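As C-alpha cells, the structure follows; a few thoughts come after it.
All of the numbers you see were taken from the coordinates with simple rules; none came from a lab. This one's a predicted model, so the numbers in the text were calculated from it and none came from an experiment. Using ideal geometry, Cβ is built from the backbone for each residue, glycine included, and neighbour counts are taken over all protein chains shown.
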C-alpha cells in the first residue's frame, strides 16, 4: 500500500538512458530463467502451506455450505448444491450477522480514535522512550487472548470499581451493569484489537517528515488545519491498514461476545461455532462462514477503493 | 525609504523601519548556544544573504524569523511590527525549505495553492497558473512532487512560498541539493525572480560564491555571531577578520609588527620588509597584526625587475608550485621567512610564465592590503579544498 | 460443617470449569478437519462396534490410556492417591490425559477416526450421559465384559441404574455423577425454591444464569411447561423452547453459562442460577452464603461415564480400572476430593474414615428422598439430537 513511492520514475534530464547491449540482454534472460527456478523453489513451501491450510479447507467449506440439510452425522452429508442453505441461514441469522458487522465497526472506530491519539503521541512526543512505549503497547500480546478477555469480566463486574464509579457519577442506574451488555462486548473488542490499530498507524506517522508539518505551519495552517491537511492525509495508509487489521478480526470475533455479552448480543461467529459443533449443522455454519467472508471482502474492496490508498504516495 | 502609514508601524524604539530587524537575538539549546545576540537590519526589497559554515547559527536565525524556533531572548521586528512571539502561521513570512518539504500527497498545483487556500484568498486558480508560469512549470501542474526532477521541485518550493507575497521570503540552502551546473542557472533565475517581484529575500547558504553572486548584502556568520556585513565587494575587498578573509575567497595573511600610524596609513614591518596599509583597511589597534592581500592583487616578476606596483615590494621569493588554469596561472611562492604565498597572474600574454624554482619578487599596491587583528586564528574560515 | 483444613485439598477448577470458549478457540481448525476430504458428500459416521475391535494386548502391555476432564481425580502423583494405588496393585501404568473440555468439542476431535473405525489411541474416555448415549448409538463404543467388572454391577447406586440408553451397563460405567438444581446467594436474595420462580421472580430479573448444556436446562424447561424430560414429544419440546425464548426476550436471563457462573454468583453479579451440585460444594468452602436447592420441579441427575472406544488395545486394563474405582474405599477417597455425587454404594461408610464432615453431605451422598425426584434426560436419536441442538444453539449461543 505504501510501496508505490519507490516505483515512481523520477524524471532526470541528465540521465542519457541505459545503454542496451545485446550481450547483456542475453545474460539477463539466462539468469532470469535460473532466478525463476529458484523463485519457484523458494515459493513452494508457502504455496504448499496455503494449499493445505487455506485452499483445501476453503473448498470443503464451500462444499459443506451446499450439503443437503436433511443429512446427519449418522447418515452422512450429501452434496445437493442446496443454495437454499444460504437463504435459510440469512433469514435465520441476519441479526447476529448485522450485529457482528456493527460491533466490529464500532470497535474499529473506537480503536481508530484511541489508537490514533496513542500512535501520534508515540511517534511525535515520546522521544527516547519511543521503543519502551511501543513494547508496552504490544505487551498484552504476551498473554493469551482468552485470559485478557476474561480479565475484563473482573474489571466490568457488577461489584467492580468501574461500575461503582459510574453509578456514583449517575452515569449508570443503581441496578445498571456493564458486564453482559453491548457496551462490554464493544469495549472488549476495542481493547483486544487496539494494538492492531496502533502499530500500522505508528509506522505511518513515524515516517512523516517533520519539515512537512513545519512547512504547513509556515503556509498559514494553524496546528488543527495543518493536521487535517498534512498529517492526516499522510497517515492514511496507516489508517487504512489499521482499520482493516482491526475490523476484519473484530467482525469475526465471538470470544468477546461470549464472555462479555449476554443472550442478546450473539454474533455470527458464535452461531457458526455452535452450528459446527453443538448443533452439528455444517451446512448452516458453512453458508454463514462463506457469507461473512464475501461480505467482509466486499466491504474491504469498497473501502480501499474509496480511501484511494493506491494514490497516496 | 518609503513612508508607510500602518497601524503598529512604530517600533518600540520609536523609529519606523520597514524591513526586517533583529535585535540582540539569542537562541540557546540545552547543550549549546546557536545564536549569540545578533543585531541585523535587512532593508525592504533587498536580496540578503546569511553566509557561514554549517553550525554557525544561520539556519537557526532563519527559523526564528520564520517562527519555527522561539528565541531565547531578543526581538524580531518586521515592517515595524514586533513578531517575536507570533505563531509561524500568523507571520507574513514564507520559507523555501532545504530539500523543499513539498507535500507528497498533493500535486504541484495544490502544493502551490496551499498557502492561498489556507488564507481563503480569492482567485486561487489564476494566481497559481501565473505563478507556475513564472517558474515555468505550467505543464507539470497535475504531477506529484516525486515525479519531478530536483530542479523542478526546487522551483515548486519557490513558487509555493512566493505566491503568498510575503514581507520576507526565507530561503534555507535552497540550491544545496542541486548539481553545480543547475545551481548556477538557478542562482541567476532566483535573482531574476527577486528583481521581478521586488520582495525581500533572506537567503541562507554556506556557499560564498552563491552568496556573492546573488545578494545585495551579505552577512557572514560564524559561531553564532555576525562577523561582518556589507556588499559582496566590500566584504571581499576589505574583510575585517581572518575568518571573512579566508571564508570569502582566499587571502595571503602575513604576520607583521606595526611600526607607525599616521592619519592616512599604518606602516607594518613584515619580516623585515616595510609595508603600508591604508587606515580604513587596518582593523587592529595592537602592535602585532596580520597583513592580508588577495592572491590576484599580488604581482609577480623576476628578481630585481621593476613591477607596476608602487608601494610594497617583497623580494627573495622562489616559485615552489605552478598551476596553469587557463584564465590565470596560480603560483605558490616560498618567501625567505618560509611562508608560501599565493599569486594569481592573469594570462594577458604580456607576462612570462615562471617555472618551479625561479627566483621572483612580489609586489602589491598598498591600497589593496588590509591589516587584521593578530589575536585571530590565521586559519579561521579557510576551506579544506582551498 | 466446614473443616478449616478442607479448602486446601479442593481442586480449584471444577470439572466443567474450563471454558467452552477455550475449546471454541480451537474450533476453526477442528471444524476444517471435521469436514472430511474429498469434499463432495460425506459418509455417515455410524459404524458397527463389533467390526471395529482391536486385539486386546492388555496381558502383555500393562498400559492404560485415559482421557478425562480437568480436576476430576485426586492428585495423581501423591503416593497414596487412588491412581498410584491402582498402578501399584495392578502393575498397569496409566497415561492420564486431561483433554476433555467439552463434550461437543471432544466429539468433533474424534469424529473422523471413530467414524471410520480407526483408533484414537485411547483405552478409556469419560463423557457425559447424553454424549455417551450418542456415541454408543453410533457404534463407537466397545461393550464391557461383565465378568471383569463385578464391582460395577454390585456397587452402582440404584439411581444410576437402568438408564434408557444403556439399561444393562453394557457399555458404560459412571465415573462421577451430579445433580443439576438451583444455587442462590443467600446474602443477596431470599430462597429460590423452584425453576418457575427463577424464571419469573422480578427481584431476579437480569441477575440469573442458566447452564449452556442443552439437556440440563431443557429438562427443567420441559418440567416447567408440564412435560416429562424422560418422555416427551416434539410438541412438548416446542413448548419448552417457546418458554425459553420468552425468558430470554424478557431479559430475565443474563447469560447462558458454561463456566464461571458460581464466581459471578459469589461476587453478586448474579443472585441465582441453575447450577451443578459439585460446583456448589466447592464454592461453599469459599462463600458459605451460596446455597444449593432441589427445586420443586425436581433435579436432573446426570453422570460422566467411563467407556472403552473402538480399536482400544487395552480393554481388559480399562475394565480393571473400572472395577478398582468401584471399590467403596477407593470411591470414597475420590469423592472426598472431587465432591460430586459418588456413584458407588458403600463409599459413604468408607467416608467416615476419610472425612466425616462429608458423610452427611447430601450432594455427595444424596438420600433416597432427594433421588426419588430426579430424572435423566430422554435418549435422543441422532436426528432429534441434531434438530434439538440446532434450536437450542439458536437461543443460547451468545
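Given segment B:96-146, what whole percent of its Cα pairs are spread farther than 13 Å?
So the portion of pairs separated by more than 13 Å is 57 percent.
The helix-only estimate of mean residue ellipticity at 222 nm for chain C, built from DSSP H runs of length n ≥ 4 each weighted as -39500 (n - 2.57), is -11000 deg cm²/dmol after division by the residue total.
Only alpha carbons enter this Debye calculation for segment B:309-386, each as an equal point scatterer, and the log10 of I(q)/I(0) it gives at q = 0.17 Å⁻¹ is -0.83. Put in order of Cβ neighbour count within 10 Å, fewest first, the listed residues C:306, B:342, B:270 become B:342, B:270, C:306.
Sorted on the mean count of surrounding Cβ atoms within 10 Å across their residues, most packed first, peptides B:146-154, A:270-278, B:357-365 read A:270-278, B:146-154, B:357-365.
Distance from the alpha carbon centroid of segment A:107-171 to that of segment B:190-242 works out to 56 angstrom. What would the Debye formula give as log10 I(q)/I(0) at q = 0.14, 0.15 Å⁻¹ for the alpha-carbon point model of chain C, no solvent? For chain C at q = 0.14, 0.15 Å⁻¹, log10 I(q)/I(0) is -1.32, -1.50.
Sort A:279-286, A:231-238 for me by packing, meaning the mean count of neighbouring Cβ atoms within 10 Å per residue, highest on top.
A:279-286, A:231-238
Gyration tensor analysis over the Cα atoms of segment B:346-386 returns equivalent ellipsoid semi-axes of 28, 17, 12 Å (largest first, whole Å). In whole angstrom, segment A:169-313 maps to an equivalent ellipsoid with semi-axes of 38, 23, 11, each derived as √(5λ) from the alpha carbon gyration tensor and ordered largest first. Here residue B:373 and residue A:135 are evaluated by their C-beta separation; at R0 = 60 Å the FRET efficiency comes out at 0.60. Given their separation in residues at 0.36 nm each and the Cα-Cα distance between them, residue B:225 and residue B:347 gain 40.0 nm when the chain is fully extended. Among B:368, A:81, A:67, the ranking by other beta carbons within 10 Å of each residue's beta carbon, starting with the fewest, stands as A:81, B:368, A:67.
Annotation: Cα Rg of segment C:152-196 relative to the compact-globule expectation 2.2 N^0.38 Å equals 1.77. Our summary gives chain C a relative contact order of 26 percent, counting only alpha carbon pairs under 8 angstrom and 6 or more residues apart. For B:257, B:281, the sequence from fewest to most other C-beta atoms within 10 Å is B:257, B:281. Mean residue ellipticity at 222 nm, helices only, chain B: -6500 deg cm²/dmol; runs of at least 4 DSSP H residues each add -39,500 (n - 2.57), and the sum is divided by the number of residues. The convex hull built on the alpha-carbon positions of the protein assembly as shown has an orientation-averaged projected area of 66.5 nm². Considering only alpha-carbon pairs that sit under 8 angstrom and 6 or more positions apart, the relative contact order computed for chain A is 28 percent. Each stretch of four or more DSSP H residues adds -39500 (n - 2.57); spread over every residue of chain A, this sum gives -22000 deg cm²/dmol at 222 nm.
Neighbouring Cβ atoms from other chains, within 10 Å of the Cβ of residues in B:172-185, number 0 on average.
Computed from the Cβ-Cβ distance with R0 of 22 Å, the FRET efficiency linking residue A:171 to residue A:102 stands at 0.45. Size descriptor for segment C:183-313, Kirkwood hydrodynamic radius: 15.5 Å (Cα pairs only, one decimal).
In terms of its C-alpha gyration tensor, chain A has an oblate overall shape, because the principal axis ratio a/c (a ≥ b ≥ c, square roots of the eigenvalues) is not below 1.5 and a/b does not outweigh b/c. Just report the Cα centroid separation between segment A:233-302 and segment C:191-262, whole Å. Distance between centres, Cα-based: 29 Å.
The orientation-averaged shadow of the Cα convex hull for chain B, equal to a quarter of the hull surface, comes to 23.2 nm². Per residue of B:113-119, other chain Cβ atoms within 10 Å of the residue Cβ number 5 on average.
Over all Cα atoms in segment A:65-119, the spread is summed up by Rg and Dmax: 18.9, 57 Å. For segment C:60-171, the convex hull drawn through the C-alpha positions has a volume of 131 cubic angstrom per residue. In terms of packing, defined here as the mean over residues of other Cβ atoms within 10 angstrom, the peptides A:145-157, A:255-267 line up highest first as A:255-267, A:145-157. The mean number of Cβ atoms from other chains found within 10 Å of a Cβ in peptide B:126-136 is 0, as a whole number. Taking the inverse of the mean reciprocal distance over all distinct Cα pairs, the Kirkwood hydrodynamic radius of segment B:250-373 comes to 14.6 Å. Here the mean projected area of the convex hull built on the C-alpha positions of segment B:218-309 is 7.1 nm². Rg and Dmax, both from the Cα atoms of segment B:20-237 and both in Å, are 16.9, 49.
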